[in-house]
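Structure record follows, encoded as structure tokens.
The values are calculated or read from the model by the stated rules, or taken from the named source; none is laboratory data. The structure displayed is predicted, hence computed values, not measured ones. Quick reminder, even Gly has a Cβ in these numbers, built from the backbone with ideal geometry, and neighbours come from all protein chains shown.
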Amino acid sequence: MRLIDQRFAGIARGVGTAKILGRVHSVQLKLADLHLPCAITIMEGQDVDLLLGLDMLKAHQACVDLAKNVLRIQGREVQFLSEHELPEKARHEATGEAPPSAVSIPHNPSSPSRPSTSTPSFPGGGNTLGAAPSTGRPAAVATPPAQSGHSEEHIRILMDLGATRELAIRSLDAAGGNIDMAASLLF
């Protein structure tokens, strides 16, 4: 748990919801003979061991080839598991039946699959990165440097990483002015 940056804690929403415990900023992921550097978001729950996000696949220019049943990454092809190679737990989830051992396991009250009746509590202000809904103001209006509230040096550093000025300012806003965290939001 000491490697997890808990400043990135929150709630992940998609098909369902899960509590995000934090982020490990730099790990090596081994696929075939490749060792790929990536950041991993740690979520509560036991349903999935590892989920490769589109951001990570895009960063390493990976290609999911369903015709060949492979993940192609940096010229290598990694075969997907066939159903008989899946762990027992995953096989039963795919067919919709409970594994025999699940009958004797008591329900864990902290399980994220349990519907919550109270508002989820997690640290952080809930800032999100992205375009805010338009309120009639033209999108072409540029924010003057004096209005950003962030140092020009920090904005310039993020722009040197490939961000537009507007994206650099939004990243700094979402990160509370922390240049390192803002840079990690860009990737």
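Overview of values
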item	result
Residues being modelled with pLDDT of 90 or more, within 26 Å of LYS89 (Cα to Cα) and touching an Asp or Glu at 6+ places or on another chain (Cβ under 8 Å) - total across the range 25-76	4
Members of the range 1-26 that are assigned to a strand (DSSP E or B) and of a type in the set (Gly, Ala, Ser)	GLY10, ALA12, ALA18, GLY22, SER26
Residues satisfying the stated conditions in the range 45-77, i.e. under 19 Å from MET181 (Cβ atoms) and surrounded by 15 or more Cβ atoms within 10 Å (Cβ to Cβ)	MET56
Residue list for the range 1-55, filter: among the basic types (Lys, Arg) and over 11 Å from the mean Cα position of the chain (by Cα)	ARG2, ARG7, LYS19, LYS30
Residue check for ALA183: assigned to a helix (DSSP H, G or I), under 25 Å from VAL24 (Cβ atoms), aliphatic (A, V, I, L, M) and under 21 Å from the mean Cα position of the chain (by Cα)	yes
Tally of residues being exposed (fewer than 15 other Cβ atoms within 10 Å of the Cβ) and not in a loop (DSSP other than H, G, I, E, B) across the range 167-180	1
Enumeration of residues in the range 18-44 that are surrounded by 15 or more Cβ atoms within 10 Å (Cβ to Cβ) and either in contact with a Ser or Thr (Cβ under 7 Å, 6 or more places away or on another chain) or not hydrophobic (A, V, I, L, M, F, W, C) (or both)	LYS19, ILE20, GLY22, ARG23, HIS25, ALA39, THR41
Candidates LEU57, LEU52, LEU29 - the one that is assigned to a strand (DSSP E or B) and not basic (Lys, Arg)	LEU29
